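The values are calculated or read from the model by the stated rules, or taken from the named source; none is laboratory data. Since we're looking at a predicted model, the values are computed, not measured. In this analysis, Cβ positions are derived from the backbone assuming ideal geometry, glycine residues included, and neighbour counts consider all displayed protein chains.
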Ligand code: NDP
């Protein structure tokens, strides 16, 4: 059905590429392009003979707009799926705009020197994308991503008004290391060491990092400690869910992870300020990334489940209503299927589905949009079909 240029070849990209290759009726032709071409070639080699999808590879520095434009010009994709890092979002959007190609990503732009992620930089492209007749689909991972689709689905089918959304992200997987991150360590640590915040009555309420803790009994997983974090989908859902009064995001962390993180913070290892070391400038957090286990190596060791979902409260036909939509994913089952743990799986599958929505023109509106701005139904069906079946409950335990 079309050609897809996939940029990046890390943990999330590997899952998305496996899934594209399972779905070769839509993904007839893919090009995997990344900084380290040998990783793209190794994945191509592994998948060839298992799929009807035609795979090519390329080397690209996704910070370089000219290089990207050249690659897009040579390959002529229908959609570019950005699975590199948030720092590259704007360069890739610029190249898509110049070449008039649709764009999909899973994380919003973040400048490398300030750990502050917001949509304003990408939303500034709205008019330009509209004028060019192309679509940018922002945040097509799990959170952001499926959480936005869940919100649009809840609003469409279950509520007249949604008053509150609690997004609960539980990873009960155990990889056996005292400290490791499940996706890119630099991005992960920047996210969890930042101040927390939530949306209430039209404005942001800021908290200290990990200040708000709750315990929640997750279906199929059990009781876990979870902490309130700032998370990017809160910003778009606050605009796109009419009448919303409160949105919070909680993520589970084990005590060992938190103790190590605190210690690393206390000694300055999580800092993104460059320091002079033996005549060289180094960023402590980037050095830390280099010594931590590579998230892609966690797959074979990780046991247990993830449970990610949203609890909605609001009104339907004048009555108070509560609704919980969630997905449970098993780390070992993901590893058996695509050689990756569930955190990469739960992001890579929706990334493939987002690209599919644009390739098939199921979602077809020029401009820059967050995922909850599209009809959720075809995406919800695709989640069931492609490995992330969802479950629902009408009487969930609430978070106080
Ligand atoms: P990885 O670090 O495993 O992979 C990143 C890939 O991008 C690597 O292949 C890397 O190349 C490549 N890359 C980095 N810089 C460049 C560049 N300048 N030019 C070309 N390629 C580059 O990260 P993950 O797979 O864990 O994460 C990918 C994305 O997914 C991130 O943006 C992350 O924030 C997002 N994410 C979203 C989630 C969601 O639910 N929405 C959840 C988890 C992650 P190299 O191999 O050379 O290092």
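For the reader, a short list of remarks on this structure follows.
- Residue check for residue 243: surrounded by fewer than 18 Cβ atoms within 10 Å (Cβ to Cβ) and touching a residue at least 24 places away in the same chain (Cβ under 8 Å): yes
- Taken over the stretch 27-48, the criterion of being modelled with pLDDT of 95 or more, exposed (fewer than 15 other Cβ atoms within 10 Å of the Cβ) and not in a helix (DSSP H, G or I) is satisfied by 36 alone.
- Residue tally, condition touching a helix residue (DSSP H, G or I) at 6+ places or on another chain (Cβ under 7 Å) and either over 15 Å from residue 181 (Cβ atoms) or in a loop (DSSP other than H, G, I, E, B) (or both), over the stretch 237-273: 11
- Checked across the stretch 281-301, the condition of being away from the ligand (no atom under 12 Å from the Cβ), at positive phi and surrounded by fewer than 23 Cβ atoms within 10 Å (Cβ to Cβ) holds for no residue.
- When restricted to residues that are within 29 Å of residue 337 (Cα to Cα) and within 11 Å of the ligand (Cβ to nearest atom), the stretch 63-87 contains 6.
- Residues in the stretch 1-39 that are within 12 Å of the ligand (Cβ to nearest atom) and under 16 Å from residue 340 (Cα atoms): 8, 9, 10, 11, 12, 13, 14, 15, 16, 17, 39.
For every residue, the table says whether it meets (1) over 11 Å from residue 6 (Cα atoms); (2) in contact (Cβ under 8 Å) with a residue 40 or more places away in the chain.
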site	(1), (2)
41	yes, no
46	yes, no
57	no, no
86	yes, yes
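- Residue check, residue 397 closer than 20 Å to residue 139 by Cα and assigned to a loop (DSSP other than H, G, I, E, B): no
- Restricting the search to helices (runs of 4 or more DSSP H) fully inside the stretch 63-161 and requiring at least 2 residues that are within 23 Å of residue 235 (Cβ to Cβ) gives 89-99, 120-123, 126-132, 146-157.
- Residues considered: 107, 154, 136, 124. Of these, the only one that is surrounded by 18 or more Cβ atoms within 10 Å (Cβ to Cβ), within 28 Å of residue 241 (Cβ to Cβ) and out of contact with any helix residue (DSSP H, G or I) (no Cβ under 7 Å at 6 or more places or on another chain) is 154.
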